[in-house]
Each structure stands twice: as structure tokens, then as C-alpha cells.
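A.B. asks: Take a look at this one; I'll ask things after.
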Amino acid sequence: MRDITTDSNVEISWRTFAGPHGDVYLSLLKQRCVKDGEEPTDAAVSKTLLIHLHRGIGYLAGRQDLRSIQNLIAITTE
């Protein structure tokens, strides 16, 4: 696996990021850690979330049809 550079100085609390479904998202992240053969420690969960976000952002950035917020909203209803 290659290293992911995180050079942002933006911090956000888990409650703000995950909203009212934070417990569900946390459980899913822990389940993914276990599936990947890792103990679901705070560090492993953080790493799993970072990888997931990086992959998703890369996927969206690579889409040629996303040139505006309206395009992004439109694909959420596909």
C-alpha cells in the first residue's frame, strides 16, 4: 500500500463529520478492520477511514462528468 499524504490543517470532530449516524459508521469501520485482519483499535479505525475517504475522493476527482456541485448532486440520485 502506498502512503497517503494528508497535508491539510483542517480538523473536524467525529460528531460533526458523522452526524446522528456516527455509531453506525463507527461500527462499520470497525467491522472493516476485522475483515481486513486488523484489531479495531482507534489507530486502525482512523487509518481505515482515511483510506476510504482518499479512495472516494480519488474516484470523484477522476470522473469527467463532475464539473459542478449540480453534477455531484445529480449522481447521488442515480
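Taken together, the values in this text are just the output of simple stated rules run on the coordinates, not laboratory data. Since the structure is predicted, the reported quantities are computational estimates derived from the model, not experimental observations. Quick reminder, even Gly has a Cβ in these numbers, built from the backbone with ideal geometry, and neighbours come from all protein chains shown.
A.B. asks: Pairing the Cα long axis of helix 22-35 with the longest principal axis of the chain, what angle in degrees results, from 0 to 90 and rounded to the nearest 10?
C.D. replies: Relative to the chain, helix 22-35 is tipped by roughly 70 degrees.
A.B. asks: Given [x] 13.9; [y] 12.1; [z] 14.6, which label gives Kirkwood radius over Cα pairs in Å as computed from the coordinates?
C.D. replies: [z]
A.B. asks: Can you give the local net charge around LEU29? Use residues other than it whose beta-carbon is closer than 12 angstrom to its beta-carbon, Lys and Arg +1, Asp and Glu -1.
C.D. replies: For residues surrounding LEU29, the net value is 0.
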